[in-house]
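A short worksheet on the structure shown next.
What follows is calculated from the coordinates using simple rules that are stated; it is not laboratory data. Note that the structure is a prediction, hence the values are computed from the model and not measured. Cβ: placed from backbone, ideal geometry, glycine included. Neighbour counts: every protein chain shown.
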Amino acid sequence: MRAGLFGGTFNPIHNGHLMVARKVLDRLALDRLHLIPCWTPPHKHPDYLAPADDRVRMIRLALPGDARIHLSEIEIQRRGPSYTIDTVDAFRTRLAPGADLFLVMGLDAFLDIHTWKDHQSLLAVVQPVVVTREIANAEPEADPMTRMDDFIRNQLSADYRLQDGENRWRTPAGRAIHHLSTRPVAVSSTMVRRRVREGKAITDLVPPAVGAYIERRELYR
Ligand code: ATP
């Protein structure tokens, strides 16, 4: 069994998230991928955070069409600060021994992973899958492989080696980190919220059912 975990605020879920989910499933030949919306206190958010219940419903509306993608409400139910190691430990107790667990994240999040709670234990049990992204009006992330290589060897462990001809680092003990190069989709939740606030269409940014839900519930206005 090869399972992936993909956490985020999903405020709201958009086509960029869905593209990443499908690419990770296909390229890493995963059996399933769990989308895990986080519990974030509303006052911690820079502009507007929709209630957890609405964010969860929008994920449900976006999912039909790919039976490999699942919603997990584990962090919403747990409330409080969500540490990835706690979420990963909870999943590991449910998975069969020997299952491979992958953790999907953006490059920015990955370059901060050395500050995460118990990050070395985390890297021993999950394989990060790092995606780069491009946001309109922003510089594309420069040469992600070089940035990752410097970071991995200087901040994580000198044992990691980039595998020839592959977007993957490995240690002799079997730890692995993957870089997923994708054609960037210039969509973010911030962009969706801004467009809604400005009364503009979001049909090109979110699945139709999510757009209809945002309109019906008058979210992000
Ligand atoms: P916001 O604009 O509110 O910060 P977001 O669009 O970044 O939100 P999140 O729910 O915070 O969405 O993202 C969850 C994960 O999905 C992060 O690891 C993020 O890097 C990744 N992600 C989001 N949008 C894209 C995209 N268009 N391409 C690649 N990765 C993305």
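Across the range 192-203, coupling constants 3J(HN,Hα) worked out from phi with the 6.51/-1.76/1.60 Karplus curve, θ = phi - 60°, read 4, 4, 5, 4, 4, 4, 8, x, 9, 5, 10, 4 Hz, and Gly and Pro carry x.
Report, in whole Å, the centroid distance computed from the Cα atoms of the range 11-72 and the range 191-221. Using only Cα atoms to place each centre, the spacing works out to 16 Å.
Ratio of alpha-carbon Rg to the 2.2 N^0.38 Å globular estimate for the range 83-196, to two decimals, please. Intermediate values should be presented prior to the final figure.
Working: Rg = 15.5 Å, N = 114, 2.2 N^0.38 = 13.3 Å.
Scaled against compact globular proteins, the figure is 1.17.
Which of rounded, prolate or oblate describes the range 150-216 when judged by the alpha-carbon gyration tensor and an a/c cut-off of 1.5? Could the numbers behind the result be given before it?
Numbers: a/c = 3.91, a/b = 3.35, b/c = 1.17.
Prolate is the answer for the range 150-216, as a/c is 1.5 or above and a/b outweighs b/c.
Build a GNM of the chain with springs between Cα atoms under 10 Å apart, and of 178, 114, 14 the one that fluctuates most is 114. Is the shape of the range 23-106 rounded, prolate or oblate, going by the alpha carbon gyration tensor and its root eigenvalues a ≥ b ≥ c, with a/c under 1.5 for rounded and a/b larger than b/c for prolate? Because a/c hits 1.5 or more and a/b fails to exceed b/c, the range 23-106 counts as oblate.
Counting other Cβ atoms within 10 Å, which GluC sites (Glu not before Pro) in the range 107-215 have at most 14 and lie in a DSSP loop?
Answer by residue number: 166, 198.
Using all pairs of distinct alpha-carbon atoms, the Kirkwood hydrodynamic radius of the chain works out to 18.3 angstrom. Using θ = phi - 60° in the Karplus curve 6.51 cos²θ - 1.76 cosθ + 1.60, the 3J(HN,Hα) couplings for the range 89-106 round to 4, 5, 5, 5, 5, 8, 7, 5, x, x, 5, 8, 10, 10, 10, 8, 7, x Hz; x is entered for Gly and Pro. For the range 128-221, the dipole from Cβ point charges (+1 on Lys and Arg, -1 on Asp and Glu) about the Cα centre works out to 500 debye, to the nearest 20.
Between residue 150 and residue 168, what length in nm is gained on full extension when 0.36 nm per residue of separation is reduced by their alpha carbon distance? Could you put the intermediate results ahead of the total?
Numbers: separation 18, 0.36 × 18 = 6.48 nm, distance 1.37 nm.
Additional length available on full extension: 5.1 nm.
Find which of 33, 50, 188 sits farthest along the positive direction of the dipole of the chain, computed with +1 on the beta-carbon of Lys and Arg, -1 on that of Asp and Glu, about the Cα centre. So the residue furthest toward the plus end is 50. Work from the charge dipole of the range 54-149 (Cβ charges, +1 for Lys and Arg, -1 for Asp and Glu, about the Cα centre) and give the residue of 63, 144, 83 farthest towards its positive end. Toward the positive end, the furthest listed residue is 63. Length gained on full extension, residue 120 to residue 31, computed as 0.36 nm times the residue gap minus the Cα-Cα distance: 29.5 nm. When +1 charges are put on Lys and Arg Cβ atoms and -1 charges on Asp and Glu Cβ atoms, the dipole computed for the chain relative to its Cα centre reaches about 560 debye. Taking the longest Cα principal axis of the chain as reference, the axis of helix 52-62 is set at about 80 degrees.
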